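A short write-up of the structure that comes next.
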Amino acid sequence: MGTFLIILQVVIVLGCLLLGTHYGGVGLGLISGIGLALLVFFFQLPPGEPPIDVMLTILAVIGCASVLQTIGGLDVMMKYAEKLLRKHPTRVTILAPLTTWFLTVLCGTGHVVYTMFPIIEDISLSKNIRPERPMAVSSVAAQMGITASPVSVAVVSMATILAKEAGITGVAFSIPQILMVSIPSSFLGVLLAAFWSLRRGKDLDKDPEFQKLISDPVKRAYVYGGDEGATLQDKVFPKQAYWAVGIFFTAIALVVVLGAFDGIRPHFPNASGQPTVLSMTLVIQMMMLVSGAVIMVACKVKMSEVPNSAVFKAGMSAIFSVFGVAWMAETFFHAHLDSLMASLAGIVQAYPVFYAVTLFLVSKLVNSQAAAVTAFVPVGLRLGVDPVTIVGFFGAAYGYFVLPTYPSDLAAIGFDRSGTTRIGKFIINHSFLIPGFICVITSCLVGTGLAHLLLR
């Protein structure tokens, strides 16, 4: 009977995740609340702890980033990125994904990629390059940058969880230590996927579907006509936008420095009277709040426009998603942790790749790297997975490219008027699948090697 109840609980959890995915980020969090309530009230499972630290960090980061976007700071960064791509248009398939990856590393969110899509497509068509080649891998690269950003929620969550579980594992890694592994492994994954994309698909002049499309004069004009707003080079931004970028980068630099040197962070006595250093979770929250406040005051931001920014909306959606999913998952896993450890600990310890595969699948179910890390990394640590291995397999937290339902992937398809970036007849055969697997597998292989080399 006990096994049947556990299976029923798993069905409820998975059912909520699948149904919630249909409704998007906010819907995913709300539907997960139904699963949480069923687990607690119907199955009498003790409720787990909601991921308050992660949610507050998301709130602080989006508060700063949305103020930066409102004043035009993100567009300033996009303008310089576009300048690089237009200076080397024939190399767009390599440079575009590296650019979107770097923008995510700087900003902590992959949602910065949307402005770049029409620019990448315009450059590709101007050089008769199949737009699918740079656009698909650029969408994937933007999400890969999340594990390499010092201000992304996924990285902060990883560091926070490792510190929280240090009493069990005896090991905790700082954000700079995590980034020593995740930045090169993520970058190499993107670079390899970009090189693979150079020859993917047929050239436009040899693609019968594309040639049939442009044989219609109206459709040809649509494909090659471009958008009047597909460039930022002619736009003039106020000086406050440049100030905001400088303030934001200064805050990021402070986060990295404070994370690298524990001695310069304040120390406070804990409950037993022993001095403890201020956690990096709180440091990032404070730095983002201070940075946002300085930008707001110094740059005279119209605060009434902040809630309408794309970053603010995406961030609030992420909070709902992480809140519901992670709380439901924590409730289920914590209730069955002993039985899971008894049945899985040996397998996971003997075959650590099993942990990576499971994290990958969880990420696909929750459509969020931060939510996947928050929900499953504590389970992996309690099952006995080496923290070094946890950091090495960080790239496996990006699994939501498997089905083309993520907003950035759908946006890439929508912006590609040539129709080459697409979803195939069988759904699974879409433009993002192979670049995604190349990125994740490379990141995990390189990351595991670097983690054992640098963190032992």
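The values are calculated or read from the model by the stated rules, or taken from the named source; none is laboratory data. What you are looking at is a predicted structure, and each value in this text was computed from that prediction instead of being measured. As a convention, Cβ positions derive from the backbone with ideal geometry for all residues, glycine included, and neighbour counts pool all protein chains shown. The area values use the complete protein model at the heavy-atom level, side chains included, leaving out ligands, DNA and RNA. Shrake-Rupley method; radii C 1.70, N 1.55, O 1.52, S 1.80 Å.
In region 344-378, of all residues being more than 27 Å from Val140 (Cα to Cα) and part of a helix (DSSP H, G or I), the one that is nearest to the chain's Cα centre (by Cα) corresponds to Val348.
Got at least one residue in region 422-434 being of a type in the set (Val, Ile, Thr), open to solvent by 10 Å² or more (accessible area, probe 1.4 Å), outside any loop (DSSP other than H, G, I, E, B) and without any contact (Cβ under 8 Å) to a residue 24 or more places away in the chain? No: region 422-434 contains no residue that is of a type in the set (Val, Ile, Thr), open to solvent by 10 Å² or more (accessible area, probe 1.4 Å), outside any loop (DSSP other than H, G, I, E, B) and without any contact (Cβ under 8 Å) to a residue 24 or more places away in the chain. Among the residues of region 390-447, those identified as of a type in the set (Ser, Thr, Tyr) and over 21 Å from Pro184 (Cα atoms) are Tyr400, Thr405, Tyr406, Ser408, Ser418, Thr420, Thr421, Ser431. Counting only residues that are open to solvent by 20 Å² or more (accessible area, probe 1.4 Å), under 26 Å from Leu19 (Cβ atoms) and at pLDDT 90 or above, region 340-399 holds 2 of them. Screening region 280-297 for residues that are more than 13 Å from Ile252 (Cα to Cα) and open to solvent by 50 Å² or more (accessible area, probe 1.4 Å) and picking the one that is nearest to the chain's Cα centre (by Cα) gives Leu282. Within region 182-216, the set of residues being open to solvent by less than 70 Å² (accessible area, probe 1.4 Å), closer than 25 Å to Ile441 by Cα and of a type in the set (A, V, I, L, M, F, W, C) comprises Ile183, Val190, Leu191, Ala193, Ala194, Leu198. Within region 150-181, the set of residues being within 9 Å of the chain's Cα centre (by Cα) and among the hydroxyl-bearing types (Ser, Thr, Tyr) comprises Ser152 only. Scanning region 400-410 for residues that are open to solvent by 10 Å² or more (accessible area, probe 1.4 Å) and touching a residue at least 40 places away in the same chain (Cβ under 8 Å) yields a count of 3. When residues in region 389-399 are screened for being in a loop (DSSP other than H, G, I, E, B) and touching a residue at least 60 places away in the same chain (Cβ under 8 Å), 1 of them pass.
Counting only residues that are closer than 16 Å to Ser149 by Cβ and surrounded by 22 or more Cβ atoms within 10 Å (Cβ to Cβ), region 82-104 holds 6 of them.
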